[in-house]
Every structure is written in C-alpha cells, then in structure tokens.
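K.L.:
I'd like to ask you about the structure that follows.
Nothing in this text is a laboratory measurement; each read-out follows from the coordinates by a stated rule. Note that the structure is predicted; figures quoted are calculated from it, not measured. We place every Cβ from the backbone using ideal geometry, glycine too, and count neighbours over all the protein chains shown.
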Amino acid sequence: MTTLFPAGTFTPDPRPNTVPQMIAAQYGLELKLLLRNGEQLLLTMFIPITLLIGLTVLPLGDFGNDRVAVFVPAIMALAVISTAFTGQAIAVAFDRRYGALKRLGATALPVWGIIVGKALAVVSVVLLQALLLGGIGVALGWRPSPAGLLLGAAIIALGTATFVAMGLLLGGTLRSEIVLAVANLLWFIFAGLGALTIETGTIPRTLCWIARLTPAGALTEALSQATTLSVDWFGIGVLVTWGGISAMAALRWFRFT
Amino acid sequence: MSSVANTPVRLRGVSKRYGSTLAVSDLDLEVQRAEVLALLGPNGAGKTTTVEMCEGFISPDAGTIEVLGFDPVTDNARVRERIGVMLQGGGGYPAARAGEMLNLVAAYAARPLDPAWLLDTLGLTDVARTTYRRLSGGQQQRLSLACAIVGRPELVFLDEPTAGMDAHARLVVWELIDALRRDGVTVVLTTHQLKEAEELADRIMIIDRGSAVVSGTPAELMSSGAENQLRFTAPRRLDLSLLTAALPEGYRVCEHTAGEYLVEGKIDPQVLATVTAWCARLNILTTDLRVEQRSLEDVFLDVTGKELRQ
C-alpha cells in the first residue's frame, strides 16, 4: 500500500555517530540558542556593558582615580553570574518543561554529552563577554598586566564552574515558573552582594565579610584582586565550597523532566 | 539467528509500583522481530510505564527486561544506540526550530535518513523554521516521530504516536509504521484508539490496571468467543425442524426476533453449507447472513469491563 515510502527506506542501520561529532552538534545548537535568546542577551551582554560604561563614565560614588580598573572585574563577575547562573538555570528549567532533556536522554547521545554541550556553550559566551568587557575597558583606559589577566582568567573559569553548578541545581530541581522568578531575583541579590565587596570605604567591615562568604561576593573580590596580581585564597575557597556542594546536590536531585 | 535477534523485546514478570498504586503487575511480554505490537488500554493502564521501562527511563521493581539482549537500565547506552523513541507528548528544546531539532538528533547517527525529506514527508517543511514551543501539538508529535526514526533504528517505541493529529496526518503516520514493519523494523506502540490498534498491529495486548488481560492478533481477538453464532434474516415463522435435523447434534436453532434466525453451536464451513442448502430447498433467499464477529470494542468491554473512550 505504501507509495510514500519505497521498499528499503527504513532498513535498519542504527550506527551512532562519533562522540566528537555528536558533541559538536550539541554544542552548536546550545550556543545558537544562547546567542539567539533576546532575554539572555539583555542579561549577559547589554546590562553588563551598559553598567560598565555608565559606572566608569558617570561620577557616582568615590572609587578613586582609576574607576575603570575597579569596574571591569566587578562587572565581569556579574556577567559570569548572568550567563552561568541565571541564564543556565532558566534555560535548563524550560528545557525540562518542554521535555528536551528527556528527549535527548532517549537518543545515542551520552548523558554527559548534554552537559558538555551546555558547558562549552556557556564557556564560549563567557569568553565573548570577557573579550567585549575587556575591550571596552581598554577603550576606557583600563591597563591590566598580562599576569593579572591570566590570573583573572583562572578565577573566571572557577567562578563559571561554581555558578553553572548552582544554576543546574536551581534549574534542574524546581518548576520552570519558580526558577524564572528565583533566578532573576537572585541575580539582583548577587549584583548587590558583589557591589558590597567593592565599595569598601563606606560599608561596615562585617557586612563586607558576609558578602565575601557568598559566591557572588567571593567571585567579585577574587577577580578584583586577581587583576591587581593578588590571590584571594579566601574567595577561592568560598567558590570551591559553594560549587562543590551545589554540584553534589545537583547530581543527587537533578531531574530530566 | 539467535533468539535475541528474533525476539528483540522480552519482559518476564515485570512489576512497577508508584506508592500504593501498582502501575504494572507481573507482566510478561515478547515482541518478535519486524512485528508491530500494540499495547492497548485506557489512560492509566500502565502502557507508558511499560514502554519507559523498556527504554531504560524507569527501573522495574521486579522481573527482568531484555531489549536487544541487554538490560535497558544497566546497559542503557548500548540499547539507546539502536532504538528509536517517541515519547508521549514529544519533547524538544523550546527555542530550537523544528528543522534544527531534527538535524541535531540526525547528527547522533552515522547514517541518518535525510532530515529534509523526513520533514517534507511528515508535512513539517512549512514549520521547519518555527520554534518547537510554537508548534501545534500534532506538529510536535510528528517531529517527535521524525526524531525517533531518523537514525535508522531497528526497534522503535512509539507512545501514543497519533495523539492530537488530524485525520490526514494520522494516515501518513499509519503508512509510515506499515513501511517500518515491511523494512524489518520492530515497532512497539501504545494507543487507546481501537481503530489504530486494529489497523496497524500484528498483535495486540490489551492491558488494564497494569496487567495483560488478553493478547493476540486482531482477528483472534475479534473472533474469540464469537465463533458459535450464526445469524441470518429470512421470512418470518419458517419451519425449523428440517434444519435442526440436518445439523449435527447439539446445535440450537431459533427465530431470535421476528425474521431473524440464530444458529448456536460451533460454526464451521459445513454448518454454513447446511444452512444455505436448507434455504435453497425452501427456495428462500436469506439476507444478512453472518457469523458473529465481535468488534474490538466488544472484546475490550468484555475483558476490562469498561469503555475504552473515556
């Protein structure tokens, strides 16, 4: 009876593709989805860029003579939080709601391939943010040392890992509407906590230390110190702790649907 | 060929409990190669739980499952490489376009079917650039079917494959499933539509409250318990003594309602010939002569005690 499907159309030949090719396809689509999403771009690119330019140029507060050197690492920390935490949490929550993860879980793609695809996409966007914010910083007079940049890159990598783990924990366990609200709310709280670590002159020391115990404060402080060639071991410890606990919790409670 | 190659799906005494509900209870099931098996049952009968255990998404509480010779939970990767899965309600990245989603799944296979051809065949070319989130339910279903078969699997699980599709799309999908079987693909599908099971399946298993109630070919199911009635219509008040005498012992003949006659006993070709010969002797033309066939709906009602469409 079939005219649409000549004999042999569906003859079985179920050979999986090579893992690098699967990962490449996975990464390609994940990156495309991140860069095409207007709300994500607002959060990951436009808000950080606007904040960097605005805070550097406008004479608000007392941040010394080299304002741009204060704000590039602080805003970069916020940009990492936007991409790795808020963006990922929301994306993962909606992927789950629309059955994307379960759908992929029923294919030849290994489960870790889903995570690697997402991770590579996040790393690419963070790299893009670093280039854009760094470039704008340089245009505004920022002159970091090469060693400071290298140290900063290591801190960015650690911060990205920590916030991705937290994002997966949030996005992988709660309902998408709740994740949307909580992830955005936490973005504002993290922005505030990060800010508490920079304006050291007027803020009580206790408050500053409390902020540095949070992942946002720790990342902002560690990245600021890195650009001045100082290693914030305390901040690194805080990031590793939050990241480790979140990763373990995510492994335990993450749900595909 | 080994028995694994001939019996790609084998369930033995499989049970699954959710809290106090027994979703699947002591289920035995075998699916032969290149066979279309339909799991038919009302909503909540345990159909989806059964296929999702075969796909490795759910672990059974008791019993063993072998898919292509492997345990689908512990050897999940080896099973997933060779099967195609259409989940109930589909599934996809909400912001990915239909074409991108199918291309992605095609990229997991070394020799996939042509995604563009598949989109065209399933009537999705017009929405290839529409995001998954904006597809209609029927379009999401068709995309999900395309994702299930694009990697040339040898075994596919289709959970409610035509739910939410219009009549035309349903016919295309039926034709496609028919072609899958013809080309040697084993198909396990779930449905709560009798017509679908009747149209597509080589074998139907009716399940209710997690248990297999009855299974067989559509013809077997529809004839079982009904091959002992013959009905025909003829003029009223015929003398039936001659017919009774001509039939073997133990057969009962009566005028069931005015002008409608009923022969009870094992109805075989000889009995049919006896009845028509008797009619010829009396020079009467019977109309509407039939051996009772139960509809699948009757079978379903009998074995589960409930209507299917609810």
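K.L.:
Please list 3J(HN,Hα) in residue order for region A:147-162, calculated via the Karplus relation 6.51 cos²θ - 1.76 cosθ + 1.60 where θ = phi - 60°; whole Hz, with x for glycine and proline.
P.N.:
5, x, 5, 5, 4, x, 4, 5, 5, 4, 4, 5, x, 4, 4, 4
K.L.:
Looking only at other chains, what is the average number of their beta-carbon atoms within 10 angstrom of each beta-carbon in A:14-25?
P.N.:
Taking all residues of A:14-25 together, the mean is 5.
K.L.:
Under a Cβ-only charge scheme (Lys and Arg +1, Asp and Glu -1), can you give me the dipole magnitude of region A:38-113 about the Cα centre, in debye to the nearest 20?
P.N.:
The calculation lands at about 460 debye.
K.L.:
Using a/c under 1.5 as the rounded threshold, could you call region B:83-194 rounded, prolate or oblate? The axes a ≥ b ≥ c are square roots of the C-alpha gyration tensor eigenvalues, and prolate needs a/b larger than b/c, oblate otherwise.
P.N.:
Oblate shape, in that a/c is at least 1.5 and b/c is the bigger or equal ratio.
K.L.:
With r as the distance between the Cβ atoms of A:L58 and B:A167 and R0 = 60 Å, compute the FRET efficiency 1/(1 + (r/R0)^6) and round to 0.05.
P.N.:
0.40
K.L.:
Further question: Output ³J(HN,Hα) for region B:29-36: one whole-Hz value per residue in order, computed from phi by the Karplus curve 6.51 cos²θ - 1.76 cosθ + 1.60 with θ = phi - 60°, and x for Gly and Pro.
P.N.:
After applying 6.51 cos²θ - 1.76 cosθ + 1.60, I find 7, 10, 10, 8, 4, 6, 10, 9 Hz.
K.L.:
Using a Gaussian network model of chain B with C-alpha springs under 10 Å, which one of B:V187, B:V213, B:V67 is most mobile by mean-square fluctuation?
P.N.:
B:V213
K.L.:
Quick check: pseudo-label points 7 Å beyond the Cα along Cα→Cβ at B:A219 and A:R97, how many nm apart are they?
P.N.:
Using points 7 Å along Cα→Cβ, the separation is 5.1 nm.
K.L.:
Would region A:2-41 count as rounded, prolate or oblate if I go by the C-alpha gyration tensor, calling it rounded below 1.5 in a/c and otherwise prolate when a/b exceeds b/c, oblate otherwise? The partial results should precede the final answer.
P.N.:
On the way: a/c = 7.67, a/b = 2.01, b/c = 3.81.
Cα axes put region A:2-41 in the oblate bin.
K.L.:
Sticking with this one: Less than 30 Å apart at the alpha-carbon level, and either on another chain or at least 8 residues along: which lysines does that give for B:K266?
P.N.:
By straight Cα distance, B:K266 reaches B:K195, B:K306.
K.L.:
List the residues, sorted by chain then number, that are 5 or more residues from B:A62 or on another chain and whose placed amide H is less than 5 Å from its amide H.
P.N.:
Distant-sequence amide H within range of B:A62: B:S15.
K.L.:
What does the charge count around A:T228 come to, taking other residues whose C-beta lies under 14 Å from its C-beta (Lys +1, Arg +1, Asp -1, Glu -1)?
P.N.:
Around A:T228, the surrounding residues sum to -2.
K.L.:
Among A:T241, A:T160, A:T202, determine the one that fluctuates most according to a GNM of chain A built with springs between C-alpha atoms less than 10 Å apart.
P.N.:
Looking only at A:T241, A:T160, A:T202, the largest GNM fluctuation is found for A:T202.
K.L.:
Name the residue, out of B:P42, B:P60, B:P235, whose mean-square fluctuation peaks in a Gaussian network model built on chain B with Cα pairs under 10 Å.
P.N.:
Of B:P42, B:P60, B:P235, the most mobile in the Gaussian network model is B:P235.
K.L.:
Determine, from the Cβ-Cβ distance of B:R237 and B:E264 and an R0 of 22 Å, the FRET efficiency 1/(1 + (r/R0)^6), rounded to the nearest 0.05.
P.N.:
Rounded to the nearest 0.05, the efficiency is 0.70.
K.L.:
Can you tell me, using C-alpha contacts under 8 Å and at least 6 residues apart, the relative contact order of region A:42-175 as a whole percent? Kindly include the intermediate steps, with their values, before the conclusion.
P.N.:
Working: 103 pairs, mean separation 58.7, N = 134.
So the answer I get is 44 percent.
K.L.:
Continuing with this model, one more query. Between A:V240 and A:L131, what is the FRET efficiency for a Förster distance of 25 Å, r being their Cβ-Cβ separation, to the nearest 0.05?
P.N.:
Between A:V240 and A:L131 the formula returns 0.45.
K.L.:
Quick check: pseudo-label points 7 Å beyond the Cα along Cα→Cβ at A:N65 and A:A7, how many nm apart are they?
P.N.:
Between A:N65 and A:A7, the simple spin-label model gives 8.8 nm.
K.L.:
Rounded, prolate or oblate: which fits region B:130-266 when a ≥ b ≥ c are the square roots of the eigenvalues of the alpha-carbon gyration tensor, with rounded for a/c under 1.5 and prolate only if a/b beats b/c?
P.N.:
Since a/c reaches 1.5 and a/b is larger than b/c, the shape of region B:130-266 is classed as prolate.
K.L.:
Using +1 at the Cβ of each Lys and Arg and -1 at the Cβ of each Asp and Glu in region A:7-109, identify which of A:L60, A:V70, A:A106 lies farthest towards the dipole's positive end.
P.N.:
A:A106
K.L.:
How large is the charge dipole for chain A, taken about the Cα centre, if only the Cβ atoms of Lys, Arg (+1) and Asp, Glu (-1) carry charge, to the nearest 20 debye?
P.N.:
Using only the charged Cβ atoms, the result is roughly 640 debye.
K.L.:
Tell me the net charge near A:F256. Cut-off is 13 Å between Cβ atoms, A:F256 excluded, with +1 for each Lys or Arg and -1 for each Asp or Glu.
P.N.:
Summing Lys/Arg as +1 and Asp/Glu as -1 gives +2.
K.L.:
How much mean residue ellipticity at 222 nm does the protein assembly as shown get from its helices, if each DSSP H run of length 4 or more adds -39500 (n - 2.57) and you divide by all residues, to the nearest 500 deg cm²/dmol?
P.N.:
Computed mean residue ellipticity for the protein assembly as shown: -16000 deg cm²/dmol.
K.L.:
Then there's this: Please get the size of the charge dipole for the protein assembly as shown, origin at its Cα centre, with Cβ charges of +1 on Lys and Arg and -1 on Asp and Glu, quoted in debye to the nearest 20.
P.N.:
Dipole about the Cα centre, nearest 20: 1400 debye.
K.L.:
Then there's this: Hey, for a label at B:D28 modelled as a point 7 Å past Cα toward Cβ, could you say which residues of region B:49-80 have their backbone N under 17 Å away?
P.N.:
So the set is B:62-66.
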